[in-house]
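The values are calculated or read from the model by the stated rules, or taken from the named source; none is laboratory data. Just so it is clear, the structure is predicted and the values come from calculations on it, not from any experiment. Glycine also receives a Cβ, built like all others from the backbone with ideal geometry; neighbour counts cover every protein chain displayed.
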Amino acid sequence: MTNEITELLDALHQGTMSLDEVAGRFRNRSWPSRERPQPGSFLDAAAVDLEDPDPYTPGSYDDVVAAYDRGQLTDTQYAVLVEAIAESDRAKDSGV
């Protein structure tokens, strides 16, 4: 399944875009959020730990992890892209 993120990752892997270009695009986009309410008690926290993981979300960090797992990203590329996602999220949280 292709989306903006997989297309950018493919371009990086194929060498048609640089890491700086892809990281810049990652910084300037909005990323889907998966925030869950904080558990109110220890039992609630334990129940959350037993739940299935969240389903795959196209156009999200999931695509970056999948590309890394397939060997399409080096450790350095992965670290740069994850930091770019974090910067985007911090900017969104601060209202920038």
**Study point:** Residue in the range 76-84 that is outside any helix (DSSP H, G or I) and either of a type outside the set (F, W, Y) or touching a Phe, Trp or Tyr at 6+ places or on another chain (Cβ under 9 Å) (or both) present
**Key:** no
Review point. Counting only residues that are over 16 Å from V65 (Cα atoms) and part of a loop (DSSP other than H, G, I, E, B), how many does the range 29-51 have?
Key: 10
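Conditions tested, residue by residue: (1) of a type in the set (D, E); (2) modelled with pLDDT under 95; (3) under 15 Å from the mean Cα position of the chain (by Cα).
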| site | (1), (2), (3) |
| --- | --- |
| G15 | no, no, no |
| D20 | yes, no, no |
| S33 | no, yes, yes |
| A47 | no, yes, no |
| D52 | yes, yes, no |
| T57 | no, yes, yes |
| S60 | no, yes, yes |
| A84 | no, no, yes |
| D93 | yes, yes, no |
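Restricting to the range 1-28, count the residues that are outside any helix (DSSP H, G or I) and either among the small types (G, A, S) or loosely packed, with under 15 Cβ neighbours inside 10 Å (or both).
Qualifying residue count, the range 1-28: 7.
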**Study point:** the range 35-63 residues that are touching a residue at least 24 places away in the same chain (Cβ under 8 Å) and on the phi > 0 side of the Ramachandran plot, paired with ones that are β-branched (V, I, T) and part of a helix (DSSP H, G or I) (beta carbon under 6 Å, 6 or more apart)
**Key:** G59/I5
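What residue, of R70, R36, is within 16 Å of E7 (Cα to Cα) and exposed (fewer than 11 other Cβ atoms within 10 Å of the Cβ)? Talk me through it step by step, then tell me what you get.
Values: R36 fails: within 16 Å of E7 (Cα to Cα).
From the options R70, R36, the qualifying one is R70.
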